[in-house]
1. Taking the Cα atoms only, what angle lies between the long axis of helix B:7-19 and the longest principal axis of chain B, rounded to 10 degrees?
2. How far, in degrees from 0 to 90, does helix B:324-333 lean away from the longest principal axis of the Cα atoms of chain B, to the nearest 10?
3. Tell me, what is the FRET efficiency for A:R129 and A:E330 to the nearest 0.05, using R0 = 56 angstrom and their Cβ-Cβ distance as r?
4. Assuming a ≥ b ≥ c are the square roots of the Cα gyration tensor eigenvalues, decide whether the range B:286-331 counts as rounded (a/c under 1.5), prolate (otherwise, with a/b larger than b/c) or oblate.
5. For the ranges A:333-345, A:25-37, A:59-71, B:265-277, what's the packing order if you count other beta-carbon atoms within 10 Å of each residue, average per peptide, and put the highest first?
6. Give the cross-link partners of B:K197 among the aspartates and glutamates, using a straight C-alpha distance below 13 Å as the criterion and excluding same-chain residues fewer than 8 apart.
7. Give the separation of the Cα centroids, the range B:38-106 to the range A:272-306, in Å.
8. With unit charges on the beta carbon (Lys/Arg positive, Asp/Glu negative), name the residue among A:L130, A:G211, A:A221 whose Cα is farthest towards the positive pole of the charge dipole of the range A:129-279.
Amino acid sequence: MPRGRPDGFGADADDRGSPILHVDMDAFYVSVEVRRRPGLAGKLVIVGGAGPRGVVSSASYEARAYGVRSAMPGARARRLCPDAIFLPPDFSEYTAASRAVMRIFREVTPLVEPLSLDEAFLDVSGAQRLLGRPAGIAELIRRRVRDEQRLPCSVGVAPTKFMAKLASTRAKPDGLVVVPVDRVLDYLHPLPVDALWGVGERSAEALHRLGLRTVGDLARAPSGMIRSALGEAAATQLHELAWGRDPRSVVPEHVEKSIGAETTFDVDVDDLAVIRRTMLVLAGKAAGRLRQAGQVGRTVSIKVRLSDFRTLNRSRTLGTPTDVTKEIFETAWSLYEILRPGDRIRLVGVRIEGLLDAGRAPRQLALGGRERGWAEAERAADAAIARFGAAAVRPASLLGPAGQLRGADWTGAPGPWDAAPEDPTGENTDT
Amino acid sequence: MKFRVERDALADAVAWTAKSLPSRPSVPVLAGVLLRVSGGRLTVSGFDYEVSSQVSTEVQSDADGAALVSGRLLAEITKALPAKPVDVAAVGSHLELVCGSARFTLPTMPVEDYPTLPEMPATAGTVDAGVFAAAVSQVAVAAGRDDTLPLLTGVRVELEGALMTLLATDRYRLAIKELPWHPETPDASLQALVPAKILADTAKTLGPLGGDVTVALARGGIGEGMIGFVGGARRTTSRLLDGDFPKVRNLLPDHHNAQARMPVATLVEVVRRVALVAERTTPIRLSFSEDGLVVEAGGSEDARASEAMEAGYEGEPMQVAFNPGYLLDGLAALDGPTAVLSLTDPRKPAVLAPAGEDGEIEAGYRYLIMPIRIGS
């Protein structure tokens, strides 16, 4: 077991005031692929990014050495790393692996807040009596995930969520970083300003113009200077973070705010039939994920990006929450028909918001509706797909002449809607 | 064209015709109302190719003629005029309107561009205006408002001998009303699917006029695909909706396992109050037992409310949940002091029927509501 780090933030550091863990799987999708094909270990592996407009979902550390990053266009990744092996994403496999890993976390503490498939915050304050100190618990988690799931992960141990997340970043790959409560500022202040939550490219530029390059610079800067550059709200928040203050607690059972899917077309399209079929595929994907998560949603929204990159969004709230592909598709399609962009389309997406637990969600029954309707038919189809693969069951309009899938890629890579930084759920982003 | 008319008569006529005008007309003339004076009568017409409405009134006319002006503007002006005689005259390409000391000059549109209103189909029979208005309002409330299912935005009108039946459903509730009428031929058998909003507006206007409403409905020939209503000096036609209305009669349960009797006014009050904590689509729960009724809404994490009330109940205790809006619509449509709710199962349609003070169910009206399933 690695002890100590030259910087003094290793497993032997004082962890008594640092009960928050941020566990982050290393190159999660790639690691899952390597697990089932060990021959890929140590190779240049990229998940996603196939097709002219695909987006990289995850890259092995070997590929990252060439500059390949998540959410990068596949074409760029191929230029940077022409010898890489590109794999199509297999979300059902990643979801299953994620569930197994989260289960290990929950055996350590019930206070687990998953952020996405591959990362979670844990509060181990209460687990210490049983399992020992936070750094020991972090090592235990890393060992169990490695032994039981054959997957590498990195853990940050710190007094707050924000610091724990920063720490896990430095721990990568396959490492552990402990930030003692009295050394938070030693750790934080030398970091560049864009290490702070909420500092993107533009805020970073604004701060650089003021001569503020490190978090320490920002912490010591007069507050009026930051306010005028970034506004009142951001200035206050950044000032708190720059002094290592983050009052947020670990909230277990992170509930997805929305579930969706989108596709960027290989070539901009204006053929209604193609768009319609694609939306059916996307509605099916989104509904499948809803059902897998045991959720139903009340609002269906669509996103349409035109060839000139203008992006249009429309949404409609249903009378009764649903997880039924047919209902989601029909709503999405009627929204599209009202929108009628009259231009070539680069990207479409379908998303369901206002999620509720399916078990608890009331369901308005329909007159003359059969006891078993579309919802049950689709659950049966899910079971068949789980057993025989995605080609087993699908809507007839998605069958080609020889039973080939037409239109968009059924199991395709997540679109930028899933992976882009603006995605509030962070779903499917693999870092 | 030149005439003098009472302000109220003009305002009523214009308001009614202007109401059915399209807000975004496909051609500009359709935003107009046509005023035509001939032989001492003023006829005001509006038409949008779906619906036409026409009303006539006595005027003192100096010169016959016609003018086409913006319906919306004329309606707003006439509504705001003082209660005095109004002098109207077509002068060149304008319409001049003088009432008391107020004077308006409105641009006109070319009368010859205005489409001819459809002819009335053949008369099918007559119905008492007040009875018809009440019946339509009881049924139209259950019609769908979702234009993606146009079929369900209509009220099905069935005319069989001396019985008129009105039906409407939006898939979640269903209203059925039977009323007597006077067919032109005793063995008449006609059906039509009329846009609910138009039917409701028409019946509501014709009801207070009293007397009879003439229903005009053709089976082929002139006026095919159209229904007309005439009451007093008003006539309206509407295009019918296409498609086969679902066979909904067999949805009426043939038995019930439990039945509750409650004063309509009290139940409405209680449901309104408790529903304050229910969101638009979350249910209110009705728990019946021999102790009466408990109405509840809200979840474990949200705001909650409950209220108990007396109810005559026969059957095993049962909890059933409804969309509060659907329940209130049904209760408001009952034309009796007592509501009788017949239940078979918390997942099967519940039937609301009106009853007198004695609790005796009255025939003629039924309102079915599909419950909301709670839990899995």
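Rule-based calculations on the coordinates, nothing more; no lab input. The model shown is predicted, which means the values in this text are computed figures rather than measured ones. All Cβ positions, even for glycine, are placed from backbone atoms using ideal geometry, and neighbour counts span all protein chains on display.
1. Helix B:7-19 and the main axis of chain B meet at about 60 degrees.
2. Roughly 70 degrees, rounded to the nearest 10.
3. Details: r = 54 Å, r/R0 = 0.97.
Efficiency computed from Cβ-Cβ geometry: 0.55.
4. Judged from the Cα gyration tensor, the range B:286-331 comes out oblate (a/c at least 1.5, b/c at or above a/b).
5. Ranked by mean Cβ neighbours within 10 Å, highest first: A:25-37, A:59-71, B:265-277, A:333-345.
6. Cα-Cα hits under 13 Å: B:E50, B:D146, B:D147.
7. 53 Å
8. Of A:L130, A:G211, A:A221, it is A:L130.
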